[in-house]
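Colleague: Got a structure for you, written out below as structure tokens; questions coming shortly.
The values are calculated or read from the model by the stated rules, or taken from the named source; none is laboratory data. These numbers were taken from a predicted model, which means no experiment stands behind them. When we count neighbours, we look across all protein chains shown, and the Cβ atoms used for this are built from the backbone with ideal geometry, even at glycine.
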Amino acid sequence: MSNNRHRLLLFVGLAAGIALALVLFQVLQRDRPFNLAAIPDDSQPVPIVGQVHIAPGAPPSRYNSNPPTSGDHYPAPVRAAFYEQQVPDAYLVHNLEHGQVWLSWRDEADQEAIELFRQLHEQFAEWVVVSPRPENDQRLAAAAWGRLLKLDTPDRDALTAFIMRYRDKAPESVPG
């Protein structure tokens, strides 16, 4: 066998070994158990300001957090989905009342946030509704009934922990 052919086979074998190691690493990372207790809860409690149904299109009373975590809302929630357009707060507050978590990002061009939230929605499809919200005072927000987590840096573990802790913790838990 020629020297060049031997080198080529060695290179192909080495490349295949590296590729296999990378795939194995990714699988092990994805399947690792999530240690909820190891993730600090940096969310804040927000006093509940009611849960009154108002007519669609009517302005809700003033909310006490940004984004809101309770208060006046429209009679029907939106479907738990990933929305690329802004959804009125008064619909999403109803989703919170049903035990869902609302993830929102401030800058419509924030591809890092969009991709992370898309992945989290896929992972928790029945419990997460996602939409842009330019009124947010921080880059990212996770809202649940009476709880709020705001982040300036995407943190998958903190957001996953928030969803796991606060989904299905509302007056009318109804997934999906």
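Colleague: Can you say whether ALA143 is buried (at least 22 other Cβ atoms within 10 Å of the Cβ), hydrophobic (A, V, I, L, M, F, W, C), modelled with pLDDT of 95 or more and part of a helix (DSSP H, G or I), as far as the supplied structure shows?
Modeller: It is false that ALA143 is buried (at least 22 other Cβ atoms within 10 Å of the Cβ), hydrophobic (A, V, I, L, M, F, W, C), modelled with pLDDT of 95 or more and part of a helix (DSSP H, G or I).
Colleague: Quick one: would you say THR160 is in a loop (DSSP other than H, G, I, E, B) and either touching a helix residue (DSSP H, G or I) at 6+ places or on another chain (Cβ under 9 Å) or modelled with pLDDT of 95 or more (or both)?
Modeller: no
Colleague: Restricting the search to region 97-121, which residues are part of a helix (DSSP H, G or I) and out of contact with any His (no Cβ under 8 Å at 6 or more places or on another chain)?
Modeller: Of everything in region 97-121, those that are part of a helix (DSSP H, G or I) and out of contact with any His (no Cβ under 8 Å at 6 or more places or on another chain) turn out to be GLN111, GLU112, ALA113, ILE114, GLU115, LEU116, PHE117, ARG118, GLN119, LEU120, HIS121.
Colleague: Still on this structure: Do you know which of the residues in region 96-112 that are among the acidic types (Asp, Glu) and touching a residue at least 40 places away in the same chain (Cβ under 8 Å) is nearest to HIS53 (Cα to Cα)?
Modeller: GLU97
Colleague: Could you tell me whether region 128-138 includes any residue that is at pLDDT 95 or above, surrounded by fewer than 22 Cβ atoms within 10 Å (Cβ to Cβ), closer than 24 Å to ALA37 by Cα and of a type in the set (S, T, N, Q)?
Modeller: No.
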